[in-house]
Amino acid sequence: MDLNLTPQELAFRDEVRAWFAANVPKDWVKRRNAEESMEARFTYLRAWQRKMFDAGWAGVSWPKEYGGRGATLMEQVIFIEEMARAEAPPMANVLGLGLIGPTIIAYGNDAQKKRYLAKILSAEEIWCQGFSEPNAGSDLAALSSEGKLNGNAFIVNGQKIWNSYGWAADWCELVVRTDPSVEKHKGLTVLLVDMKSRGVEVRPLKQMTGESEFCELFFRDVRVPVENVVGKVNDGWRVAMGTLMHERGTFGAGLQVNYRRNFNRLVEIAHQMKRTGDPLVRQKLAQAYTEIEVMRFNQMRAFSRINETGVPGPEGSIQKIFWSELNQRFQQMAQEILGPYGQLAHGAPEAIDEGQWAYGYLRSRGNTIEAGTSEIQRNIIGHFVLGLPKSY
Amino acid sequence: MNFGLSESQQILKNNARKFFAVECPVSEVRRIMETESAHDEKLWRSMAEQGFPGVLIPEDSGGMGLGMVELAALAEEMGRALVPGPFLATLLAGAAIEAAGSKKHLAEIASGEKKATLALLESGASWNPDAVAMEGLTGEKMFVPDAGVADVIVVAARDRGDLALYTVYGDSVQRTAMPGVDLTRRLYKVNFAGARGELLARGEAAGSALDRALDIATVTLCAEMTGGMQRVMEMAVEYAKTRKQFGKPIGQYQAVQHQCADMLIWTESSRSAAYYAAWALDNHAADARAAVSVAKVYASDACRETGNRGVQVQGGMGFTWENDVHLYYRRAKASESAFGDATFHRERIARLIIDRMNASSAVGV
């Protein structure tokens, strides 16, 4: 057991840290809370990713042969932490880099790798995912969007929901049912769909926060050439699960840094409001510190284990439950400390931190739902980790 | 960075598990806990042959000279096996003597010839060393773990206002049992009238030795609690797989399954926090003291709740004397308050972290 970074890891960290210090746009921290159209924001983020790409920092986790840096898992974690620490803007093509690119690398053919990967890295083509449907959320395999083979193309019909970045995307990793006659997991196929195809419609979905992070996608007789199948026809469940494993892998590394920053800021506010002499406030802040630290230790242990075994396992469900439930408790506590100020929204002149605490409270409500609900995560732990009989 | 145990640490842990499975099965735990002192000399001797009482004691004082991570690995297995007796009390006293820069009694503690404990609490029952009020070797200490079998008692007292540590011979003081819920580890009231002993340290040296010893014992306890939680979870999961109602194993119902999932989250999280704190203490990390409190805050609540779920999942069977879960449930309650409960350690975190971040400090990570 040695929790110090190795000399190589330290050197990597210093290199990353220096690059971010010199290159993170100075206006970002102000700009991120400002009113701005989604399109203008996205142009900004696309330019930022391009800058990272030119310096060789896009696709840090990707193998070198596909234009990545071939970083070890620990280096990826360091990279994500440093990015959060520097308060760098997110990259525009976050799903392409984190989920879809790695899926194409793992399951795609050579022609697909050649066609898509470079443009994911450079943010020239933005990607989204079409997985969940109105009647297939936690029970993803029950999805009913269909792909019917017609000559050398699939004709796709159906509806997807909870889709991020659909309004900006050039391409979509889409899961459809190609064989309705077999068991639900066995008749699925993953297609790469050009979002400019005829019959694709994107509608923004307004959330309780007032934002539209998500979209609904509608597909009406959309033609997708057979060469756009990833992996094999009717083997889409395996491909889609590979994608979701990435979602539950290193994702939490940056969160831990952001949570600690939020905590530090809340302590600063509590001091200013002269609340830190109140024993109850002290207890609550210390409890939040404890939980954020335990999340950090859990992650270190999990990353260390993935480093040895090579794959993120079902233990990822522990991290997902931990960070989502922690953040909900934290945001609630922040509301208690801020009192009436906590509710003031963006735009209110008296709002603390431009209304980000009111926003954070509302946004955290989604944490135990997105990326697999807490209930589904506990099912995964019960069955796949503890070996209890499947409940569904 | 590597959070896993090294090969030699893993071997030590595996061997400890095998050792306690043979030397201290639960039938032995039940026999020993029915005795007056919950101490068994034969078990103690065989633990001493393995070198366990001297894990942390330097080799030149007859110990194994290992670190906190090794101790945590051993403690986890002891918690799993619910090993009764004065191991933790002896460890705490030995750590205080060594941290005070003395070698007194250490060789005998390492060899198992002497058992020891540390007397801190008074009637106010505060774990904060500032609360120590007893003047010299007079008066009474309370909640002293395993004092009944201790050959040596390290005592925290005042010497003309300064904190001081003394080593006192166990047979020179009056010890009265304070029966509690944990049957495997006994508490005593100790009256020091007529005590024979010597000054170990005073002033700052005494304070820092006491702090160090409490940090070491607290992390060891957290690792021990983790081992207990692991066992409680395993018993509950096993029961949920085999017990059938309405024609199905009860573990198939999500209301039961999700309680088991929570037990896993708490157990694994307690483990992460305990080992991090062990590593931080060994490596004098800047956040070591806060990490100790983080581990104890988390484990105190998690261990109690895991016990609750462990009983609940096993239903009526879990509430019987015959079922082993209550032995862990009882110890969880005692361990929760030992060396300060979650409330105590949250306040300690507030002092170590929150009070040091002042209102005008820049927000940095």
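Scalar couplings 3J(HN,Hα) for the stretch B:129-138, obtained by applying the Karplus form with A = 6.51, B = -1.76, C = 1.60 to θ = phi - 60°, are x, 4, 7, 5, 10, 4, 8, x, 8, 10 Hz; x denotes Gly and Pro. On full extension, the segment bounded by residue A:384 and residue A:111 gains 94.7 nm, given 0.36 nm per residue less the C-alpha separation. Restricting the trypsin sites (Lys or Arg not before Pro) of the stretch A:229-317 to loop positions (DSSP other than H, G, I, E, B) with no more than 13 neighbouring Cβ atoms within 10 Å leaves A:232, A:274. When B:266, A:48 are compared by accessible area of protein heavy atoms, the largest-first order is B:266, A:48, using a 1.4 Å probe.
How much area per residue is accessible in the protein assembly as shown when the probe is 1.4 Å and only protein heavy atoms are counted (Å²)?
On the way: 31200 Å² over 757 residues.
Using a 1.4 Å probe on heavy atoms only, each residue of the protein assembly as shown averages 41 Å².
When all protein chains stay in place and ligands, DNA and RNA are ignored, the 1.4 Å accessible-area order of A:20, A:53, largest first, is A:53, A:20.
At a Förster distance of 22 Å, what's the computed FRET efficiency of residue B:158 paired with residue B:103, Cβ-Cβ distance as r, to 0.05?
Numbers: r = 25 Å, r/R0 = 1.14.
After rounding, the FRET efficiency stands at 0.30.
With Cα atoms as the point set, the stretch A:7-92 shows a radius of gyration and Dmax of 13.6, 44 Å. Distant-in-sequence amide contacts of residue B:188, defined by a placed amide H-H separation under 5 Å and a gap of 5 or more residues or a different chain, comprise B:143, B:144, B:146, B:147, B:178.
For the pair A and B, the buried accessible area comes to roughly 4900 Å² in total, with a 1.4 Å probe and the value rounded to the nearest 100.
Do any of A:390/B:244; B:104/B:189; A:51/A:232 go past 26 Å between their Cα atoms, and which?
Values: A:390/B:244 15 Å; B:104/B:189 24 Å; A:51/A:232 36 Å.
Violating the 26 Å Cα-Cα cut-off are A:51/A:232.
Note on residue A:369 and residue A:348: with the Förster distance fixed at 30 Å, the Cβ-Cβ geometry gives a FRET efficiency of about 0.65.
Using a 1.4 Å probe on the protein heavy atoms, what percent of the accessible area of chain B belongs to carbon and sulfur?
Numbers: 7140 of 13970 Å².
The computed percentage sits at 51.
The figure for residue A:221 is an accessible area of roughly 110 square angstrom, using a 1.4 Å probe on the protein chains alone.
Other residues with beta-carbon under 14 Å from the beta-carbon of residue B:310 carry, at +1 per Lys or Arg and -1 per Asp or Glu, a net charge of +3. Computed from backbone phi with θ = phi - 60° and the Karplus coefficients 6.51, -1.76 and 1.60, the 3J(HN,Hα) list for the stretch A:329-340 is 5, 5, 5, 5, 5, 4, 4, 5, 6, 6, x, x Hz; x is used for glycine and proline. Shape class of the stretch A:248-385 from the Cα gyration tensor (axes a ≥ b ≥ c, square roots of the eigenvalues): prolate, since a/c reaches 1.5 or more and a/b is larger than b/c. Here the Kirkwood formula, the inverse mean of 1/r across different C-alpha pairs, assigns chain B a hydrodynamic radius of 21.0 Å. Annotation for residue A:14 and residue B:286: the two label points, set 7 Å from Cα along the Cα-Cβ direction, are 1.7 nm apart. Answer rounded, prolate or oblate for the stretch B:109-226, using the Cα gyration tensor with square roots of eigenvalues a ≥ b ≥ c: rounded when a/c is under 1.5, else prolate when a/b is larger than b/c, else oblate. It is rounded, given that a/c, with a ≥ b ≥ c, falls under 1.5.
When only the Cβ of Lys, Arg, Asp and Glu is charged (+1, +1, -1, -1), the dipole of the protein assembly as shown relative to its Cα centre reaches about 1320 debye. Legend: residues A:300, B:64, sorted from most to least accessible area (1.4 Å probe; ligands, DNA and RNA excluded), read B:64, A:300. Annotation for residue B:23 and residue B:8: the two label points, set 7 Å from Cα along the Cα-Cβ direction, are 2.0 nm apart. Rounded to the nearest 20 debye, the dipole size of the stretch B:207-354 about its Cα centre is 320 debye, using +1 on the Cβ of Lys and Arg and -1 on the Cβ of Asp and Glu.
Quick check: net charge around residue A:138, other residues with Cβ under 12 Å of its Cβ, Lys/Arg +1 and Asp/Glu -1?
Values: positive: A:378; negative: A:133, A:139, A:370, A:375.
Net charge in that neighbourhood comes out at -3.
Using a cutoff of 8 angstrom between alpha carbon atoms and counting only pairs six or more residues apart, the relative contact order for chain A works out to 12 percent.
Expressed per residue, the C-alpha convex hull volume of the stretch B:207-354 stands at 103 Å³.
Using DSSP to call loops (not H, G, I, E or B), can you name the GluC sites (Glu not before Pro) in the stretch A:1-95 whose Cβ has at most 10 other Cβ atoms within 10 angstrom?
Working: sites: A:9, A:15, A:35, A:36, A:39, A:65, A:75, A:81, A:82, A:87; in loops: A:35, A:36, A:87.
Listed in order of number, the matching sites are A:35.
Remark: the residue B:59-residue B:248 segment gains 62.4 nm on full extension, using 0.36 nm per residue and subtracting the alpha carbon distance.
Along chain B, counting only trypsin sites (Lys or Arg not before Pro) with a DSSP assignment other than H, G, I, E or B and at most 16 other Cβ atoms inside a 10 Å radius, the longest segment between sites is B:244-355. Computed from the alpha carbon atoms alone, the convex hull of chain A holds 156 Å³ per residue.
The accessible-area loss of the stretch B:1-42 on complex formation, taken against its chain alone with a 1.4 Å probe, reaches 50 Å² or more at B:1, B:2, B:3.
Ignore the peptide's own chain and count Cβ atoms of other chains within 10 Å of each Cβ in B:343-349; give me the average, rounded.
Values: counts 4, 0, 2, 10, 4, 1, 9.
Per residue, the number of nearby Cβ atoms from other chains is 4 on average.
Summary of the geometry: the stretch A:288-344 and the stretch B:140-211, compared by the centres of their Cα atoms, lie 41 Å apart. Using every pair of alpha-carbon atoms in the stretch A:169-278, split the distances into 5 Å bins beginning at 0 and state the percent of pairs per bin, rounded to integers. Pair shares across the bins are 2, 9, 12, 12, 15, 13, 9, 7, 5, 5, 4, 4, 2, 0.
Using the Karplus relation 6.51 cos²θ - 1.76 cosθ + 1.60 with θ = phi - 60°, the per-residue 3J(HN,Hα) values for the stretch A:217-223 come to 10, 10, 10, 10, 6, 7, 8 Hz, with x marking Gly and Pro.
Note that the protein assembly as shown, at 10 °C in a medium of 1.306 mPa s, gets a Stokes-Einstein diffusion coefficient of 56 µm²/s from its Kirkwood radius over C-alpha pairs.
Using a probe radius of 1.4 angstrom, the carbon and sulfur fraction of the accessible surface of the stretch A:292-392 is 57%. Within the stretch B:119-158, list the residues whose amide N lies under 12 Å from a label point set 7 Å along Cα→Cβ of residue B:178. Residues passing the 12 Å test: B:119-127, B:140-147.
A simple count of charges around residue A:28, restricted to other residues whose Cβ falls under 13 Å of its Cβ and scoring Lys, Arg +1 and Asp, Glu -1, yields +3.
The values are calculated or read from the model by the stated rules, or taken from the named source; none is laboratory data. On a predicted model such as this, the values are computed, not experimentally measured, just so you know. Cβ atoms come from the backbone with ideal geometry, glycine included; neighbour counts cover every protein chain shown. Only protein heavy atoms, including side chains, enter the accessible area calculation; ligands, DNA and RNA are left aside. Shrake-Rupley method; radii C 1.70, N 1.55, O 1.52, S 1.80 Å.
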